[in-house]
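Every number here is computed from the coordinates shown, using simple stated rules; none is lab data. Worth saying up front: this structure is predicted, and the values here are computed from it rather than measured. Methodologically, a virtual Cβ is constructed for each residue, glycine included, from the backbone with ideal geometry; neighbour enumeration extends over all protein chains shown.
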Amino acid sequence: MPTKNRFASNVANKIGARQLALALGVLTAQAPLSGCFNPTGSTSATGVTTTTTTSGGQETPLEEGCENCDAPVQVNHCWCEDENDEKLEDYYGCLDDTSLQSNTEVACTLLLGRAAVLDEDYFCEGAVLCPHPGELALTCSVCDSEDVVVYHCKPLNAGEIWQKYSCAGNTDMQDFFHKECADDLGMTVSEANIRHFWHTTEECPDEPDSLTGEPLVDCEDWYASWTVTYSGSVASLDDAVVTALIDDPTPLILCDDARFQGLSPEGFQVESASLGQLFYALGLQDGDIPLSLNGLPLDNFTDVVDALVQLWYTEGETDYELDVQRPFAVVTLYISLY
């Protein structure tokens, strides 16, 4: 039985946010934290900057700050508001820059035409997160739309604790991450309001690789890294392949075309499974509708996360029975990890 050196309590964040999402035809990601005194461009109705970024368009102040700081993981954030509590400008500074607050005070005073007061006219919340080009590129590579959605989660008086990406139009992910944010903040979903959880959009470039300056994955290496063998009706796969995909699902996302497309009102259907791809090698075919895994239902995204938490992380299971609906019968696929 393989050793699982992770806690189940972290799985909904680690896997649900990015790794398992690939199997559902959606992709989100947790980005690192982020830089340099810079005012923003446009803001959304939530007051959050939505000017697009590393897509080849004009750079946002946040991106510029992240690039200019020596440690572009985390930056401090201040902003100025008008008398109606509408955000006028955002400002970012490197973590070792002690002048951000005073610079913000001066800038806000000029904007308002009167002396700006801390915590009434201008505010400083500490660290916020930098955009992550690799994660954005990965998300853009699997989304059909020109935009991706970035979800943000933060406590009331502190910086953001995470950002996660998803394909535009995926309302299931919004509900999932809203609940996750509430759980992370120790709140109910209704308490985790727009001041704690919101989303912005990022524009995808024509060539996602341009965000990172290099190919995201070598597909030839990926195809050579796994082998599925059969003993009777049981498909066998090296446990190390699954572990590697949980740690980094990029090869499966970018090199294999097979996806699990969401159905209405619930369930998923396999699409684009073809010879030479991992899902196909494990027995899945176009049109298959996964019903259960070792008896656990797979009706929605949360079910998939719960099943993987219980079977992979909690029980360390190596033998799996996947029931799938085909046009005229329910078929069981047997998969063993060694």
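Computed quantities for the displayed model
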| item | result |
| --- | --- |
| Stretchable slack from residue 119 to residue 271, in nm (0.36 nm times residue separation minus alpha-carbon distance) | 49.5 nm |
| Packing-based ranking, highest mean first, of 87-96, 309-318 given that Cβ atoms within 10 Å are counted | 87-96, 309-318 |
| Order of 180, 120, 321 under a 10 Å beta carbon neighbour criterion, fewest first | 120, 321, 180 |
